[in-house]
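S.K.: This structure is in structure tokens; I'll ask about it shortly.
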Amino acid sequence: MEQNISTSLESLPFIKTNAGPKDGEQWIERLKEEYMLLIQYIQMNKEEDHDWFNVESNADGTKWNGKCWYIHNFVRYEFDLQFEIPATYPATPIEMELPELDGKTHKMYRGGKICLDIHFAPLWAKYQPKLGIAHALATALGPWLAAEIPVLADQGIIKPNM
Amino acid sequence: MVEQKPPALRVMSSDVHDDNPYSRLMALKRMGVVKNYEAIRGHSVLIVGVGGIGSVVAEMLTRCGIGKLLLFDYDRVELANMNRMFYLPTHQGLAKVEAAKKSLQEINPDVQIETHNMNICTLDNYEQFCERIRNGNLEGNGRVSIVLSCVDNYAARMTINSACNELDQIWFESGVSETAMSGHIQWLIPGETACFACAPPLVVSEAGDENQIKREGVCAASLPTTMGIIAGFLSQTVLKYLLDFGEVSQFLGYNAFTDYFPRYPLGPNPECTDRKCQERQKQYAHVPEEEKRMNASRVKREKEEKALQVQQQKDQAHTENEWGITLDGGEDEQVQEKKPEAFVEVKKEQTLEELMKSMKQLQAK
């Protein structure tokens, strides 16, 4: 997993503007960079035939939702994905939520927030404010799905395309 | 259940009677430890997180007769919490702040308890959190005396850190590691001591043990002992800070395996990623050492001691303060890339709407 994380971080450029949703115009600048980076990341995924999520935000970019999916043994498992930009972002990292999996795995907090504090929070702390939404997807949610979905699927806790 | 406050506070008397709840506390004055114990009634303490540490701190301060407590937490009481102190099985299912309020008011009806059942990290709640820091004193027209972080996760700590840097609010941070075998408290004075973003202090202090910033719930261990020790340290330190006795440690750690209690100053990082922290550092760069807030009570006490005991002046002179020490980069360099960093480029003419649209189109393919 370490390997994946560093590879993903290297393949994505950083974000320049250090601003959060309370910072007005600066936040719009940051949001544009976030979108630009997401577009690059999605393009990259599509080129590598590894498209694995869809997201969109509300007008001010503070609330996001979409889908993410993972292929295990040629079967596709898809989940609703949502997250909010915290008030003190980017100092505070994003918490990815998969509400459908709430209560199905102990590597998750109440409400369906995936457990990232051990491997993701230190990474975020080390690089912030240069990491953004695309980095969070690539280095937090991606590895989490890769680690958890096979286990949950093999235990029969999740069904394909639930 | 005592839900209402009595019309008037009970008198804080030093009379030694079986039915005087304050006699043992007021004895601190008689013994010369605290000059003015009654001052505790004028203080309000905002506690974020009333779990294993925060609930015990709230109880200790309530028993000490604190003026007001403001409690923030969004969790409910579960049976899985019963290995720690304070909550009872009958509280199961209640919001932690509500359960805490009930018990605390029974313990000491003189204390005002204000509860906020919310997650401070979200945009709306953050504003309310900041508002309560600014206006949460007893009269509701000024800032709280101190903010205590008793949370179990990195995001909430960073949120408290941002708010306190923004508001120039002094606060204390606390935590217990996921193994329940170590813990710490830390005094954070914006611009004067390290903020939480300066060097994620936990990682530094525990020699790279990142587990400290892990959140409870997943598979973290916890013990009432370690939690109680850290809660005791934190409450004691708050009393020292509020009532002006003893020395307040900037960082105090606890290792249960070896009974090791490291204690040292933590200076701010000039390259801190929190802009507000940098602003505060600049603001306080030219403040003379003796006027810094971390030295305020010591300086005041030294002056009084001088006036009282001129002949002992030399013996009592404290060593020159060395608080100015800053964290050395060393192996904890923020980012160690050798090649220049690549940043994402947004063209000037590109609007947010266009970007949103092109992402949508791309994803529809």
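What follows draws every value from the coordinates through simple rules; no lab data is involved. Note that this is a predicted model, so its numbers are computed, not measured. Because the Cβ atoms are built from the backbone with ideal geometry, glycine has one as well, and the counts that use them run over all protein chains shown.
S.K.: Any idea what diffusion coefficient the protein assembly as shown gets from Stokes-Einstein, in µm²/s, Kirkwood Rh on alpha carbon pairs, 25 °C, 0.890 mPa s? Write down the numbers at each step before the final one.
M.R.: Numbers: Rh = 25.0 Å.
Estimated diffusion coefficient is 98 µm²/s.
S.K.: Give the distance, in whole Å, between the Cα centre of region B:246-284 and the Cα centre of region A:40-98.
M.R.: 36
S.K.: When you look at the Cβ of every residue in A:125-137, what mean number of other chain Cβ atoms sits within 10 Å? Before the final figure, lay out the partial values.
M.R.: Values: counts 11, 8, 5, 5, 3, 5, 0, 1, 0, 1, 0, 0, 0.
Going residue by residue through A:125-137 and averaging, the value is 3.
S.K.: Taking the alpha carbon gyration tensor of region A:5-154, what are the square roots of 5 times its eigenvalues, largest first, to the nearest whole Å?
M.R.: On the way: eigenvalues 120, 59, 42 Å².
Taking √(5λ) for each eigenvalue gives 25, 17, 15 Å, largest first.
S.K.: With an 8 Å cut-off on Cα pairs and a minimum separation of 6 or more residues, tell me the relative contact order of region B:1-82 in percent. Let's see the in-between values first.
M.R.: Details: 75 pairs, mean separation 18.5, N = 82.
This gives 23 percent for region B:1-82.
S.K.: Next question, about the same structure. What is the order of B:L308, A:L12, fewest Cβ neighbours within 10 Å to most?
M.R.: Details: B:L308 10, A:L12 22.
Sorted ascending by nearby Cβ count, the order is B:L308, A:L12.
S.K.: Using a 10 Å cut-off around each Cβ of peptide B:346-358, what is the average number of partner chain Cβ atoms that fall inside?
M.R.: On the way: counts 12, 2, 0, 0, 3, 2, 10, 1, 2, 8, 9, 1, 3.
Going residue by residue through B:346-358 and averaging, the value is 4.
S.K.: Take chain A, connect every pair of alpha-carbon atoms lying under 10 Å apart with a spring to form a Gaussian network, then pick out the residue of A:A147, A:A134, A:A19 with the largest mean-square fluctuation.
M.R.: A:A147
S.K.: Summarise the partner chain shielding of B:157-166 as one whole number: the mean count of Cβ atoms from other chains within 10 Å of each residue's Cβ.
M.R.: Values: counts 2, 11, 6, 2, 3, 8, 2, 0, 2, 2.
Mean shielding count: 4.
S.K.: Then there is this: How many Å³ per residue does the convex hull of the Cα positions in region B:140-192 occupy? Please list the in-between numbers first.
M.R.: On the way: hull volume 4.6 nm³, N = 53.
Dividing the Cα hull volume of region B:140-192 by its residues yields 87 Å³.
S.K.: Taking only the Cα atoms of region B:23-273, how large is their convex hull per residue, in Å³? Can you show the working numbers first?
M.R.: Values: hull volume 31.8 nm³, N = 251.
Dividing the Cα hull volume of region B:23-273 by its residues yields 127 Å³.
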